[in-house]
1. Quick one: in the range 174-190, of everything that is among the small types (G, A, S) and closer than 19 Å to V145 by Cβ, which residue is least open to solvent (accessible area, probe 1.4 Å)?
2. What's the total number of residues in the range 13-46 that are in contact with a Gly (Cβ under 8 Å, 6 or more places away or on another chain), of a type in the set (A, V, I, L, M) and crowded, with 18+ Cβ neighbours inside 10 Å?
3. If a residue must be open to solvent by 10 Å² or more (accessible area, probe 1.4 Å) and farther than 17 Å from A140 by Cα, how many such residues does the range 104-116 contain?
4. Determine, yes or no, whether D49 is open to solvent by 50 Å² or more (accessible area, probe 1.4 Å) and touching a strand residue (DSSP E or B) at 6+ places or on another chain (Cβ under 7 Å).
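The values are calculated or read from the model by the stated rules, or taken from the named source; none is laboratory data. If you're wondering where the values come from, they're calculated on a predicted model, not measured in any experiment. Cβ sites come from the backbone with ideal geometry, for glycine too, and all protein chains shown count toward neighbours. When the accessible area is computed, the model is the full protein with side chains, heavy atoms only, and any ligands, DNA or RNA have been set aside. Shrake-Rupley method; radii C 1.70, N 1.55, O 1.52, S 1.80 Å.
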Amino acid sequence: YFFACDGVGKIHRIQTELDYDGQTVNFTVGDTITGTTSGATGKILVQTDAGTTGTLVIELIGDIQFEDNEPLTSNSGGAAVVNGVMTYNAVEVTDSPEGVTYLRAIGTRLYAAVGNAVYYSDIDSGTNPPFENWTPAIDADDPGVVYSRVAGNVRAIEGLGENIVVFAENGKYAFVTSVQDVGGTLSKVD
């Protein structure tokens with residue numbers, strides 16, 4: 001995935017999609033698909049299956065494109081036919097903050113600058129798509145928000161060891177997200 005922002009709206013996830021029809025055997029998320037004509041390959045990240053038709057969100061492996069009407073197979077036996085060409089779609093991350101001017105993936109989180117604040121997503125657990133939850137909460141894996149009243153608008157965010165360093169128009173600041181056990185529940189403190 002690619003993530004994009006425009007300084008006005010919410011974060012968008014750019015994903016590669018491939019439509020299919022003529023499915024005779026179901027695909028499985030995590031499988032590698034191969035176009036038998038082009039030799040293109042991709043890993044299935046998300047599948048929308050409507051019986052004999054559907055859409056795959058894929059991670060393209062290499063630079064060869066799938067061809068319209070070529071047979072598709074997967075390593076677990078999935079089979080269908082490509083319906084059209086690969087498309088790149090921008091999908092809004094509905095829970096993300098608005099007005100994001102800068103994005104940075106550090107470790108297993110996505111960080112977003114909005115004015116003088118830095119929002120961070122939930123921890124990527126390996127499910128697809130990642131970075132969907134942006135509502136601040138206190139559990140260890142939850143999203144959060146940190147800001148400085150005097151630093152001004154955030155211009156860049158960098159990781160330095162366990163520290164997140166924020167460069168703003170009037171200076172810089174850093175924070176660490178620490179995990180602590182509170183009565184058997186893991187919570188976080190910034």
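1. S187
2. So the answer is 4.
3. So the answer is 5.
4. Values: open to solvent by 50 Å² or more (accessible area, probe 1.4 Å): yes; touching a strand residue (DSSP E or B) at 6+ places or on another chain (Cβ under 7 Å): no.
Criteria not met by D49.
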